[in-house]
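A.B. asks: This is the structure I have questions about; it appears just below.
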Amino acid sequence: MGHRTRADALTDVAGLRVGHARVPGDRALSGTTVVLAPEGGVVAAVEVRGGAPGTRETDALDPRNLVERIDAVVLTGGSAYGLDAASGVMAWLEEQGRGFRVGPDPAQVVPVVPAACLFDLGRGGDWRARPDAATGRAAVEDAARTDIGAPVAQGGVGAGTGAVAGAMKGGVGTAAVVLGSGITVGALAVVNAAGSAVDPLTGVIYGDGVQGWADRPAAEVHEAAQRRLAEAREETRRRSAASARPVLNTTLAVVATDAELSRAQAQKLAGTAHDGLARALRPVHLLTDGDIVFALSTGTRPLLTGSPEPGFAAHAGAGVDALNEVLGAGADALARAVAKAVLAAEGVEGPGGVYPAYRDLY
C-alpha cells in the first residue's frame, strides 16, 4: 500500500510543522501542541465521536460554512480551561497577518484556530496548573522555529505531558506513509484514553503493525507487568481520592495529507481515521472520552497522480479508488501513531498519581 516516510511523522506532509509547550512548575503536568500550516493555510475538517468533547471553532470546519482554510490546530491539556491556549496562537497569527481577511487592510484578519482539549487536571498535583494563552503562544513559536520536515518530539511532551492511556502513561505519537501514487498521509495522536492501548492478556500493543503475536512478552514478564500496573492503578486512586477527580480522558488526533481534497473529502478522512483509534484503543469513544480527529489537506498533489492506463483517469471509479487509498492510509497511520505514543512515553510519579510507562512494564 505504501512505505514509511523519512521522519515517519506528520511533518512528512510538506509544509506542516509541529510545536510543543509545557506548563511550568514542579506540580504541573499539562501542556499544548500546535500543528502549524504553511502560509495560505490548509483545507480542514473535524469528526467528534467521544461523549465528552471540549472544543473551540470546530463549527467553522463544517463544509457548509464560510471559512475555506485554517492556519493552525491546537491540541491542549487542561480540559476546557486549556482552550484558552488558542488565544495565544491567534495573537501570534494576527501578528503575522495570517487569518480570515475581514477588511480592506491586510492586517485586518481573524485567525480561525480550531482547538480541542483533553482532561489532565490535577495529574501533577496542582489542580490550577493548566495551559493558557502564553502556553499556546510558546507552542506555536516552537512550531515556527522548526525546519520544514523536521522530526516531531514524542512521548510526554506538549498536550501529551499529562496524558494517560488506561493506567499507563500516554503521550504524543506520530506516523506517516507514502502511497504508491506519491501521496503522503501522516497522523499525530495525543493518547489520553480511558481504554487501554495494550492487550491485557498478552501485553501486545494493539496499534503496533510491526510487533506480532510471536513477539509478545514472555508470560512471567507479562504477569509482573500486570501486578505493577494494578499496584500503580490502586496508588493513583488513593492519591486522587482527596481531590475527587473524575475519570475523564480524550484522545486527540490530526491526520493530514498532501493530496488535494475538498472540504467534504477531508470530512470523510476525519471520520474514517477514527477507525485507527478503534483498532489501537479498547474501548474507545466512551461517554467519558472526548475523542476528536482533525483532517488537513495541503493540496499540493492531485488526488489522481502518475501515469494511469489509457482511459483509466476518465473512469468514474478512479477518483474513488484514489480517495479510498488515502482514507485507509489515514486510519493505518493513526493506529501506528497511538502505538508510538505509548512506546515513547516515560513513566511519571507525583502527587496526582503513579503512571508507569509501557517500557517500564515490559
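The values are calculated or read from the model by the stated rules, or taken from the named source; none is laboratory data. Computed from a prediction, not measured in an experiment: that's the story for all the values here. Neighbour counts run over all protein chains shown; Cβ positions are idealised from the backbone, glycine included. Areas reflect the complete protein model, heavy atoms only, side chains present, ligands, DNA and RNA absent. Shrake-Rupley method; radii C 1.70, N 1.55, O 1.52, S 1.80 Å.
A.B. asks: Name the residues in segment 18-70 that are in a loop (DSSP other than H, G, I, E, B), closer than 23 Å to VAL185 by Cα and not charged (D, E, K, R), would you? Step through it out loud before you land on a result.
C.D. replies: Of segment 18-70, the ones in a loop (DSSP other than H, G, I, E, B) are 23-30, 37-41, 49-54, 57-58, 62-69.
Those still in the list that are closer than 23 Å to VAL185 by Cα too: 37-41, 49, 58, 62-63, 68-69.
Within segment 18-70, ALA37, PRO38, GLY40, GLY41, THR58, PRO63 meet the criteria.
A.B. asks: Here's a check for you: in segment 91-103, which residue that is at negative phi and either hydroxyl-bearing (Ser, Thr, Tyr) or at pLDDT 90 or above (or both) is surrounded by the fewest Cβ atoms within 10 Å (Cβ to Cβ)?
C.D. replies: Keep residues of segment 91-103 that are at negative phi, which gives 91-96, 98, 100-103.
With the extra rule that they be either hydroxyl-bearing (Ser, Thr, Tyr) or at pLDDT 90 or above (or both), the set shrinks to 91-96, 98, 100.
Values: ALA91: 15, TRP92: 25, LEU93: 23, GLU94: 15, GLU95: 11, GLN96: 13, ARG98: 20, PHE100: 17.
Here the residue is GLU95.
A.B. asks: Within the group ALA318, ALA278, ALA314, which residue is at pLDDT 90 or above and either closer than 26 Å to VAL43 by Cβ or in a helix (DSSP H, G or I) (or both)? Even if it seems obvious, please write down each step before you answer.
C.D. replies: Numbers: ALA318 fails: at pLDDT 90 or above; ALA314 fails: at pLDDT 90 or above.
Criteria check complete, one pass: ALA278.
A.B. asks: Tell me yes or no: at least one residue of segment 252-274 is modelled with pLDDT under 80 and within 27 Å of THR11 (Cβ to Cβ). Before you say what the answer is, go through the steps one by one.
C.D. replies: Step one: list which residues in segment 252-274 are modelled with pLDDT under 80, which gives none.
No, that holds for no residue.
A.B. asks: Right, something else. Can you tell me which residue among ASP142, ASP84 is acidic (Asp, Glu), closer than 15 Å to GLY19 by Cα and part of a helix (DSSP H, G or I)?
C.D. replies: On the way: ASP84 fails: closer than 15 Å to GLY19 by Cα.
One residue alone meets the criteria, ASP142.
A.B. asks: So, in segment 1-55, how many residues would count as being polar (S, T, N, Q) and within 13 Å of the chain's Cα centre (by Cα)?
C.D. replies: Of all residues in segment 1-55, those polar (S, T, N, Q) come to 5, 11, 30, 32-33, 55.
Imposing the further condition that a residue be within 13 Å of the chain's Cα centre (by Cα) reduces the set to 11, 32-33.
Total meeting the criteria: 3.
A.B. asks: Taking the condition assigned to a loop (DSSP other than H, G, I, E, B), at positive phi and surrounded by fewer than 19 Cβ atoms within 10 Å (Cβ to Cβ), does GLY15 pass?
C.D. replies: Details: assigned to a loop (DSSP other than H, G, I, E, B): yes; at positive phi: yes; surrounded by fewer than 19 Cβ atoms within 10 Å (Cβ to Cβ): no.
No: the conditions fail for GLY15.
A.B. asks: What pairs can you find where one residue is in segment 58-76 and modelled with pLDDT of 95 or more, the other is among the polar types (S, T, N, Q), and their Cβ atoms are less than 6 Å apart, with a gap of 6+ or different chains?
C.D. replies: LEU75/THR33; THR76/THR32
A.B. asks: Output the residues belonging to segment 151-191 that are in a loop (DSSP other than H, G, I, E, B) and either more than 13 Å from ALA345 (Cβ to Cβ) or open to solvent by 10 Å² or more (accessible area, probe 1.4 Å) (or both). Quick ask: steps written out before the conclusion?
C.D. replies: Let us first name the residues in segment 151-191 that are in a loop (DSSP other than H, G, I, E, B), namely 151-154, 156-157, 161-163, 166-167, 170, 180-183.
PRO151, VAL152, ALA153, GLN154, GLY156, VAL157, GLY166, ALA167, GLY180, SER181, GLY182, ILE183, listed by residue number.
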